[in-house]
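Everything on this sheet refers to the single structure shown next.
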């Protein structure tokens with residue numbers, strides 16, 4: 001039997017809610033626990049805020065643990081009668097899930113990366129094979145091994161260096177989404193001493209030894225600091241600290257591996273800073289200073305920046321700018337604003353681009369062939385569906401991978417061949433039990 005899953009926990013909560021409704025008329029039911037009220041006042045933006053339950057934030061406080069245990073005991077008492085039904089429903093759900101399975105392999109730098117699951121094990125095992133799927137398997141990370149010494153294992157970032165030799169990943173053993181950086185040498189299997197706490201995003205520079213990563217504030221969990229770390233150095237170097245509480249930051253690298261992008265974003269405003277991946281010791285350059293209620297995002301292909309911006313309308317437009325001088329005066333239209341089409345994103349490759357759009361409440365994937373200079377929309381077989389990118393990391397890829405599903409079609413993964421215009425089904429989720 002698998003460890004308690006989210007299904008089981010949700011069923012318990014749902015059952016508890018139902019039984020409490022019925023139990024309101026039953027005097028024999030236990031009395032629900034009440035959290036003690038403790039005086040707490042603080043000044044926020046010039047106003048005094050009174051929060052008598054502020055003390056519940058203190059995770060290490062024994063009183064908090066005692067109160068949570070009392071709540072759990074109360075729930076167990078009220079849901080005891082539903083236990084047989086809960087177990088039967090959980091068993092039926094589990095019977096419809098293919099527990100031993102394999103994800104669709106993704107090609108990157110001569111390797112095929114995939115995750116596989118095994119019946120009775122809680123976490124997917126991250127693997128790769130060199131060249132083809134007949135080659136020997138290399139296990140990159142098995143969270144089930146980590147589970148032997150930890151009650152909880154959560155994997156966050158998972159980034160392999162450009163030379164395929166190093167894996168940087170983040171792991172949470174607390175359940176509070178507090179991720180710690182780990183670096184593994186894939187040639188030896190050894191974990192390196194380089195580490196950092198509360199990491200939220202990370203990328204490798206082109207030298208395969210420099211990491212850029214962001215971290216979060218301990219209290220607010222806002223991602224606010226950017227760091228540079230050369231493997232083997234004593235400590236990471238601070239590069240940027242976002243002081244505005246409305247903004248979060250994250251770091252990423254373009255598919256062509258040329259540009260590292262620091263994204264800085266609030267709900268209605270954004271700013272990007274960039275650095276060439278082959279110049280990791282240089283400073284980040286502001287692409288366009290932030291402007292209130294203006295959002296923009298940048299990508300890179302063949303010495304051009306592509307800018308998705310809402311400056312020309314709320315549905316966004318896409319502009320290009322030369323890397324040598326990306327000032328606004330040099331911007332040119334790649335795709336103009338359309339009142340009826342929302343431009344969600346753009347994926348750039350050497351020979352084509354994919355625009356992810358939303359129109360008439362439906363997802364749309366349109367392909368632009370840079371050689372033929374033509375647009376083609378991927379055709380979907382049903383009138384109502386959901387489609388989205390499935391991850392195509394190779395810049396030189398001749399195909400584009402996407403997810404597709406509908407009310408009657410289970411989640412499916414396809415590869416679209418840009419040259420032929422055909423979609424090939426790679427995997428469809430099996431629904432067991434008839």
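Since every read-out is calculated from the coordinates, none of them should be taken as a lab result. Just so you know, these numbers come straight off a predicted model, no measurement behind them. Cβ: placed from backbone, ideal geometry, glycine included. Neighbour counts: every protein chain shown.
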At what distance in angstrom do the alpha carbon centres of the stretch 226-243 and the stretch 310-327 lie from each other? 30 Å
FRET efficiency for residue 163 and residue 83, Cβ-Cβ distance as r, R0 = 51 Å, nearest 0.05? 0.45
In µm²/s, what is D for the stretch 370-434 at 10 °C and 1.306 mPa s, where D = kT/(6 pi eta Rh) by Stokes-Einstein and Rh is the Kirkwood radius from Cα pairs? 120 µm²/s
So, for the Cα atoms of the stretch 72-136, Rg and Dmax in Å stand at 19.2, 56
Residue among 421, 250, 156 with the largest mean-square fluctuation in a Gaussian network model of the chain, springs linking Cα atoms under 10 Å: 421
For the stretch 152-258, what is the convex hull volume of its Cα atoms per residue in Å³? 110 Å³
Out of (i) 4, 18, 21, 15, 11, 11, 10, 7, 2, 0; (ii) 4, 15, 23, 26, 20, 9, 2, 0; (iii) 4, 18, 24, 20, 13, 10, 7, 3, 1, 0, which label holds the value of P(r) over Cα pairs in 10 Å bins from 0, in percent that was computed here? (ii)
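Please sort 228-240, 171-183 by packing, taking for each peptide the average over its residues of neighbouring beta carbons within 10 angstrom, highest first. Please list the in-between numbers first.
Details: 228-240: 14.4, 171-183: 16.9.
Listed from highest to lowest mean packing, they are 171-183, 228-240.
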Report, to the nearest 10°, how far helix 83-95 tilts away from the longest principal axis of the Cα atoms in the chain, using its own Cα long axis and a range of 0 to 90°. 20 degrees
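Once you wrap a convex hull around the alpha carbon atoms of the stretch 140-197, what is its projected area averaged over all directions, in nm²?
4.0 nm²
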